[in-house]
Amino acid sequence: MHSEPENTEEEPLPILWGLDPIFSAFAKLYIKDILELQESYRVPGIFFYKTHPVTKVDIFGTVVHKREREDFFSYGVDDSTGVINCVCWKNTLWKEYTKPSTSNISYPTTAVFNVADQMRKLQQVVQRQSCLEIGDVIRVRGHIKSSRQQREIIACTYYKVEDPTFAHQISWMLEVPQLYRHFYDKPFQNAFITSDKKEYLPLTGLVGQLTEKLKEFLQETKVQTFSLKDLETVESLVKLASLPVNPQNTAAGGLVSKQVHSLFRQAVQMLQELGLVFQKCCFPEEIFQVTEQDKELCKLTKEIIKEDSKKEKYAEKGCHFNHIFSCVRQSYNSNISEAAMQHVLSILECESEVIRTMDNHYASF
């Protein structure tokens, strides 16, 4: 029986859960955070990390305790932030492999392809990957469950990670903080409107709508640079930004004007965080550059990667993102953000001008 908590405004309505992409994904969360997830008071089995609904997780850690039953293994997994129990069901192939063989049929060893031998090898691989010992590294994907007031993961996929060079662990350590920074720790911005009249809108929803509208406007008009004052001359954008957030705003034109300016600034800031625009200069007024329309920036980035990839230091792996980012800021514009640089590299990848050779390394064709 779930009782409604005193402070419930942070839990989105169930109708909105599916709009958050994290709801459908295997969230790569730290075990400490999984253990501290708040369960929904509306629907059992749905958990929340801040405002994000979570049902499935993807964890990576070390086996610290093990228990075996007829149908499953129970592994305690430690990722250095906490320990959680993972129920890992035995595969059918695993069960078949452990049964004593009752077949007396022999197969010719000279056959080009022996089905029985290949199946036997597959069963051995399955057993080796699923039967782990204490100290082994494991990757688990599964659903979160609360059982006897204990949080655990019911695995749908799990396997032993062979990682003698720690490449997987390093990649995981680099990726997960980025996911937290860019997605998990940020509130989900949705444009869901419950009122057909659209008379009053929540501020976060209005910012999200204005951001999408501004993004579409920049793409359609192919604007290269703009200022906040320029945006306030676009009728369709101003009309959307002028929708009252609360009834008091309808009676005060000054408040509406301040709201419009504030909303435009927030929308541009969101586009900056996505790397779609960056600040080109600050004086005499703030001028913003549309990243995709900056052909000179794309050309310079491609040339830096092409030339530096020839150097012995970068010949094998390619140029690291930090090196490219530093060179571009020194040669072009010190105001370019990391997000804008990532967007430029994504554009060049889509155009097959550069290729990502490994995590955060790029090379030119």
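What spacing in nm lies between the two simple spin-label points modelled at Y180 and A25, each 7 Å away from Cα in the Cβ direction?
It is 1.6 nm.
Of K28/K302; K56/K90; K66/K145, which sit over 23 Å apart, Cα to Cα?
K28/K302
Mind jotting down the three principal axis lengths of the stretch 295-342 based on Cα atoms? Whole angstrom, largest first.
Extents along the principal axes: 30, 18, 16 Å.
When ranked by the protection proxy of mean other Cβ atoms within 10 Å per residue, highest first, what sequence do the peptides 70-82, 260-272 form?
Averaged packing, sorted descending, gives the order 260-272, 70-82.
Which FRET efficiency, nearest 0.05, do E216 and S331 yield, Cβ-Cβ r, R0 30 Å?
0.40
Return the distance in nm (one decimal) between the two label points of a simple spin-label model at E312 and T157, each offset 7 Å from Cα along Cα→Cβ.
Result: 4.2 nm between the two label points.
First select every other residue whose beta carbon is under 14 angstrom from the beta carbon of I134; then total the charges, Lys and Arg +1, Asp and Glu -1.
-1
Since every read-out is calculated from the coordinates, none of them should be taken as a lab result. The structure displayed is predicted, hence computed values, not measured ones. So basically every Cβ, Gly included, is an ideal-geometry build from the backbone, and we count neighbours across all protein chains shown.
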